[in-house]
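All remarks here apply to the structure that follows.
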Amino acid sequence: MEYIAWVDDKQYKLEVELRDGKHLVKLDGKKYEVDARRLPDSSVYSMLIAGTSYEADVRRDGEWLNVSVQGESYRISVKERLWATAAATAAKSSRTGIHQLKAPMPGLVVEIRTRVGEKVQEGQALMVIEAMKMQNELYAQTDGTVKEIRVKEQDVVDPTHVLLVIES
């Protein structure tokens, strides 16, 4: 899958493929083999990247991840390329009316963090979808009221699925 990654204020093209239990990562054209595991009951990931071992403390802050590796801290955001493009397009469209939140990629609905009738704010986390062993939060693109939720937890979805509807 193709992603857009922001590390602090710099943007990168990222491609990730899962093969034989390992991630093959291409970052701005450079290839890496990555084996990563989250330590139990922790925000720490143990990673083996091109034969070198790292530990990364990863903490979520809205749609950003605060990552500490070897004493260095980074602010990272990763979006599936199609989702990043759709979000940019939606931001340019009208902010009033009916807004449909669609699945940015095939995945499993892990958590629904809103309910019908709830007033939500732009940027509020509404749902979590798991894809390729990564959990991705989906956010409201506008202020409004949740009118419909068309999925339930554990549903399998793809980019054609409308997950919920917000009226602004």
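Things worth noting here:
- Nearby lysines by direct alpha-carbon distance to residue 31 (threshold 22 angstrom, same-chain neighbours under 8 apart not counted): 10, 13, 22, 79, 133
- Helix content alone sets the calculated 222 nm mean residue ellipticity of the chain: runs of n ≥ 4 DSSP H residues at -39500 (n - 2.57) each, divided across all residues, give -2000 deg cm²/dmol.
- Relative contact order [Cα under 8 Å, 6+ residues apart], the range 2-80, whole percent: 24
- Between residue 34 and residue 98, the modelled labels are 3.9 nm apart [label points 7 Å from Cα along Cα→Cβ].
- Summary value for the chain: 17 percent relative contact order, contacts being C-alpha pairs under 8 angstrom separated by 6+ residues.
- Under the simplified labelling scheme, the residue 130-residue 9 pair shows an inter-label distance of 3.7 nm, with each label point 7 Å from Cα along Cα→Cβ.
- The modelled label-to-label distance between residue 160 and residue 113, using points 7 Å beyond Cα along the C-beta direction, is 2.9 nm.
- Theoretical gain in end-to-end length, residue 47 to residue 2 [0.36 nm per residue, Cα-Cα removed]: 14.1 nm
- R0 of 35 Å, Cβ-Cβ distance residue 74-residue 145: FRET efficiency to nearest 0.05: 0.45
Since every read-out is calculated from the coordinates, none of them should be taken as a lab result. Quantities reported herein were computed from a predicted structural model and do not represent experimental measurements. We place every Cβ from the backbone using ideal geometry, glycine too, and count neighbours over all the protein chains shown.
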